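Just so you know, all these numbers are worked out from the coordinates, no wet-lab data involved. Bear in mind the structure is a predicted one, so any value in this text is a computation, not a measurement. Note that each Cβ is placed from the backbone with ideal geometry, even for glycine, and that neighbours are counted across all protein chains shown.
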Amino acid sequence: MTKITNVLIVGVGGQGVILASEILTEIAMRFGMDAKKSEVHGMAQRGGAVSSHVRFGPKVFSPLIGVGDADVLLAFEALEAVRWAHYTNKDSKILANDLRLIPTTAFLSKGTTYPDDPFAELEKSGYHADKIPADQIAKDLGNVRLANTILLGALSKHLDVPEEIWLKTIEARVPKKTIELNREAFQRGRSFNSKAK
Amino acid sequence: MKKLLSGDEAIAYGAWRAGVKFATAYPGTPSTEILEAFVRLPGIYAEWAPNEKVAVEVGIGSSMAGARTLVTMKHVGVNVAADPLMTFTYTGVNGGFILISADDPEMHSSQNEQDNRIFARFAGMPLLEPADSQEAYDYVEHGLELSEKHDLPVMVRFTTRLAHSKTLVNVEEKALDKELRGFKRDIKKFVMMPMYAIPRHKDLLKRLADVQAEAETSPMQTVEMQDTDIGVITSGIPYQFVRELLPDASFLKLGLTYPLPEKMIRRFAGEVKRVLIIEELEPYLEEQIRAMGIECTGKEFTGRLGELTPERLAVALGKAGLKPSFHPVQTPPLPALSRPPVLCPGCPHRATFTALKKTGAHVFGDIGCYTLAALPPLETVHTCVCMGASIGNAVGVAKAGGSQRPVVAVIGDSTFLHSGITGLLEAVYNNANVTVIILDNTITAMTGGQQHPGTGKTLMGTDAPKVDIETICRSVGIKHLWRLDPMRLNELETALRDSYKIDGPAVIITEYPCQLYPTRLKRIPMVVDPELCNGCGACLRVGCPAILTTEELSAEGLPKVTIDADLCTGCEVCAWVCKPDAIKFPVSEEVEHD
């Protein structure tokens, strides 16, 4: 791999976007690549939109992905996929959690409202997002916190890094007694086919 | 060992490696994580000081004692610390001294975006600008050596982008063993009265000339000669962006940027056809390089505002007639409902500002989470200037007679102890008709929950005497003072209205812990009785993330609300504003009455 891979991970404060991007950066590092991760936090836990830029390759200079230059956009929440879609291009992949978190200020907003279907909104503007029902799968597995691992599993399919490095890194980051469940969650995300009905 | 470290963490590890045993700071984004990482390393002492001026004074003491010393702060903290710094360059050091200035171009979490490189030059402090975490790690040690060799405090300046980005760092396993030199009386060096300060100022210029000579050959300056049609001179994070966008250009990347290596710059400029300066914010390099008589451009393309993100820089390079490797597809973002930060569920500030809003006061704000109350739906904070400014601002308005409403200052506990006490002294001394609300949530919340003199704990985790805010207020001469729980909104509203009638200053201390720090607090979540909810929206206007609208409409045709049980902490502020009494604690099903 000579090219630099750009992954933009977005969501809402408290969803685990920063942890997920940290895991991805570590995965790239374990794969022997130069890696940089960048985000701005501080006010994130107070319900704001969060975005984290991860870049890896033989040598990375810029810690930020330019607009239109993301290879993969991974959204932990559907509206956030809409917000950051312009960071992708026609060759990019958009993966979005099928979850709607309506901001508390929605009722105050005079113009823009929360879209009825953020995925349809994206299609209308020429973007396509794979819909990952991560929260639903996590609930099926018995623990909503597994949604992050499911989303990382879905992401793993689109990045050229061996599966065992993903698993090893995730296992080192989760509580010991949840390792098996996280493996399962990762596989469910990795094998999820958004086109299957 | 390779580690993935943020710029802040790299500073902490680098300082530890270089034998720093003593670190002090006042928290401030994006610098706070430096000491939070440093305090976890073995064999060190680290502390939170009440403010940045005190931190620098304590750091000067530590340096006088001969210890290698680290003092960290955000850019605006350096303003607070300016007084000791401007003279510390005259006296010079004993133990090496590093001042970290974490600047915030783009104002991600700040009230201004001042460029503190100018400060280093103003004070006469050698200036280092790392461009990634590895350099942040290495420059602390280089800086300490420079500091001890040239008898000067050294500023390491970087920005939010470096502070909060993680990159790989080679971390040494062992710390250097630096002997404590000990304090020695040397009045010609340390007593800055005119008879000694005059020769020390002269000496400062000589020391800076020595650093400049060293800057010419410092390993922190790097030259990459490639295509000589264009030569870029840059420093810090902008190097990373421009290096990627102009992969074939020649680069002079400066790590030591005050004093500038004039000969090196001349040599580089002589070898390229055109010199381009790429820097964020002020034309710091450009003006000095121009003053050397070297033809160059930069700011006319990049501007002086915010961060130089890849897309902004690509546009700037295009304007400069160059072809950057990355052409941003300037697709406009899709319209998306904004998600502004809001006060957390259960936050005591929500209660305070809900009561305060009812009284119709002019409210002078300060720095903290409560600045968010300036925004909808609370809209009850009307100013925000800098740490500690609220009380002085309120006194000024009251004294000038510019408000026909009650004049209120709001200030957090940590901010009050930082620089609010002198403002209160002013209010007492000059008998101003102001009400000062001290929002005591017993933590420095905004920056992520740091201890301070009022919390009873130190950064090292030991117990500390807990300063009593009421005693401070009484001792400066406050006669009218309330201490109350803001969640009792009726009492707070009454106290506010009573305080407005007083001739002279009054203080209301609202006491209720932050819901996140030091530990997350949660009681029984509340529920909405859909039979009683009339959809009036009063609860929505307290701006709590736990209150959501539903599809169900009331008789008035308005959407009824529900409460997210995961988010709700049971603070009851929404219940207080609910006229039909629809918001209650759940009735336990097991409790049945005959």
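Placing unit charges on the Cβ atoms only, positive for Lys and Arg and negative for Asp and Glu, gives the protein assembly as shown a dipole magnitude near 1120 debye about its Cα centre. Over chain A, Cα pairs under 8 Å with separation of 6+ residues give a relative contact order of 18 percent.
Among the listed pairs B:Lys174/B:Lys206; B:Lys53/B:Lys178; B:Lys174/B:Lys263, those with a Cα-Cα distance over 30 Å are B:Lys174/B:Lys206; B:Lys174/B:Lys263.
Which value, in debye to the nearest 20, describes the size of the charge dipole of chain B about its Cα centre when Lys and Arg Cβ atoms bear +1, Asp and Glu Cβ atoms bear -1, and nothing else is charged? Magnitude of the dipole: close to 1680 debye. One compactness figure for the range B:222-319 is 0.96, namely its Cα radius of gyration divided by 2.2 N^0.38 Å. With the helix formula -39500 (n - 2.57) applied to DSSP H stretches of n ≥ 4, chain B reaches a computed 222 nm mean residue ellipticity of -9500 deg cm²/dmol. Compute the FRET efficiency between B:Met460 and A:Lys195 as 1/(1 + (r/R0)^6), taking r as their Cβ-Cβ distance and R0 = 51 Å, and round to the nearest 0.05. Given R0 = 51 Å and the Cβ-Cβ separation, E is 0.35.
Of the trypsin sites (Lys or Arg not before Pro) found in the range B:275-336, the ones in coil according to DSSP and having at most 13 other Cβ atoms within 10 Å of their Cβ are B:Arg304. Once backbone amide H atoms are built at 1.01 Å from N, B:Val232 has B:Ser250, B:Phe251, B:Leu252, B:Leu276 as its partners under 5 Å, excluding neighbours fewer than 5 places away on the same chain. The ellipsoid that matches the Cα gyration tensor of the range B:527-584 has semi-axes, each √(5λ) in whole angstrom, of 17, 12, 10, with the longest given first.
Here B:Phe122 and B:Arg267 are evaluated by their C-beta separation; at R0 = 41 Å the FRET efficiency comes out at 0.90. Under the criterion of Cα pairs below 8 Å and six or more residues apart, the relative contact order for chain B equals 10 percent.
In this calculation the C-beta distance from A:Gln136 to B:Lys501 is compared with R0 = 41 Å, giving a FRET efficiency of 0.10. Over all other residues within a Cβ to Cβ distance under 12 Å of B:Ala409, the charged ones net out to -2, with Lys and Arg as +1 and Asp and Glu as -1. Taken one residue at a time, the phi angles of the range B:295-300 give Karplus couplings (6.51, -1.76, 1.60, θ = phi - 60°) of 6, 7, 9, x, 4, 4 Hz. Gly and Pro are set to x.
The convex hull of the Cα atoms of the range B:1-58, projected and averaged over all directions, covers 4.1 nm².
Could you tell me which residue out of A:Leu159, A:Ile132, A:Gly47 lies farthest along the dipole of the range A:5-191 toward its positive end? Charges go on the beta carbon: Lys and Arg +1, Asp and Glu -1, centred on the Cα centre. My answer, from the dipole projection, is A:Gly47.
With contacts taken as Cα pairs under 8 Å and at least 6 residues apart, the range B:348-511 reaches a relative contact order of 24 percent. Pairs from the list A:Lys36/B:Lys299; B:Lys166/B:Lys299; A:Lys131/A:Lys168; B:Lys149/B:Lys189; A:Lys36/A:Lys157 with a Cα-Cα gap above 18 Å: A:Lys36/B:Lys299; B:Lys166/B:Lys299; A:Lys131/A:Lys168; A:Lys36/A:Lys157. Electrostatic bookkeeping for B:Ala269 treats Lys and Arg as +1 and Asp and Glu as -1; over the other residues with beta carbon under 13 Å from its beta carbon, the sum is +2.
The phi-based Karplus calculation (6.51 cos²θ - 1.76 cosθ + 1.60; θ = phi - 60°) puts the 3J(HN,Hα) values of the range A:19-36 at 4, 4, 6, 5, 4, 4, 5, 5, 4, 4, 5, 5, 7, x, 10, 6, 8, 9 Hz, whole numbers, x for Gly and Pro. Modelled label positions at B:Phe585 and B:Leu532, each set 7 Å beyond Cα in the direction of Cβ, lie 1.4 nm from each other. Taken along the Cα-to-beta-carbon direction at a fixed 7 Å, the label points for B:Lys174 and B:Lys202 span 4.6 nm.
Within straight-line reach of B:Lys501, meaning a Cα separation under 20 Å, sit the following aspartates and glutamates at least 8 residues removed in sequence or on another chain: B:Glu426, B:Glu491, B:Glu493.
Placing +1 on the Cβ of every Lys and Arg and -1 on the Cβ of every Asp and Glu, with no other charges, gives the range B:2-215 a dipole of roughly 720 debye about its Cα centre.
Evaluated at q = 0.05, 0.06, 0.07, 0.11 Å⁻¹, the base-10 log of the normalised Debye intensity for the protein assembly as shown, with identical point scatterers placed on the Cα atoms, takes the values -0.29, -0.42, -0.57, -1.36.
Helical content alone sets the calculated 222 nm signal of chain A at -10500 deg cm²/dmol, taking -39,500 (n - 2.57) per DSSP H segment of four or more residues and averaging over every residue.
Protection proxy ranking, highest mean first, for peptides B:422-429, B:239-246: B:239-246, B:422-429, where packing is the per-residue count of other beta-carbon atoms within 10 Å, averaged.
Please compute the net charge surrounding B:Lys202, taking Lys and Arg as +1 and Asp and Glu as -1 over other residues with Cβ under 14 Å from its Cβ. In short, +2.
Using the Karplus relation 6.51 cos²θ - 1.76 cosθ + 1.60 with θ = phi - 60°, the per-residue 3J(HN,Hα) values for the range A:129-138 come to 10, 6, 8, 10, x, 4, 5, 5, 4, 4 Hz, with x marking Gly and Pro. For the protein assembly as shown, the residue among B:Leu496, B:Ser110, B:Ala46 whose Cα projects farthest onto the positive side of the dipole built from Cβ charges is B:Ala46. A straight Cα-to-Cα reach below 20 Å connects B:Lys560 with the lysines A:Lys110, B:Lys579, B:Lys584, residues fewer than 8 places away in its own chain not being considered.
Cross-link partners of A:Lys195 among aspartates and glutamates, defined as those whose alpha carbon lies under 12 angstrom from its own and excluding same-chain residues fewer than eight positions apart: A:Asp130. Counting neighbouring beta carbons within 10 Å and listing from fewest to most, the residues A:Lys37, B:Lys2 come out as B:Lys2, A:Lys37. Placing a pseudo-label 7 Å from each Cα along the Cα-to-Cβ vector at A:Ser125 and B:Asp468 gives an inter-label distance of 5.8 nm. Database remark: amide H of A:Ile94 closer than 5 angstrom to the amide H of A:Leu73, A:Asp130 (H placed geometrically; neighbours at sequence offset of 5 or more, or on other chains; Pro and chain starts carry no H).
In loop segments of the range B:489-532 as defined by DSSP, the trypsin sites (Lys or Arg not before Pro) with at most 11 further C-beta atoms inside 10 Å of their C-beta are B:Lys501, B:Arg520.
Taking 0.36 nm per residue of sequence separation and removing the Cα-Cα distance, the B:Asp248/B:Thr494 pair yields an extension gain of 81.6 nm. Shielding by partners for peptide B:164-171, expressed as the average number of C-beta atoms from other protein chains within 10 Å of each residue's C-beta, is 6.
Projecting the Cα atoms of B:Ile294, B:Ala398, B:Ile187 onto the charge dipole of the protein assembly as shown, computed from C-beta unit charges around the Cα centre, puts B:Ile187 farthest toward the positive end.
For B:Ile508, the amide hydrogen comes within under 5 Å of the amide hydrogens of B:Val436, B:Ile437, B:Ile438, B:Trp482, counting only partners 5 or more places away or on other chains and with H modelled in the peptide plane.
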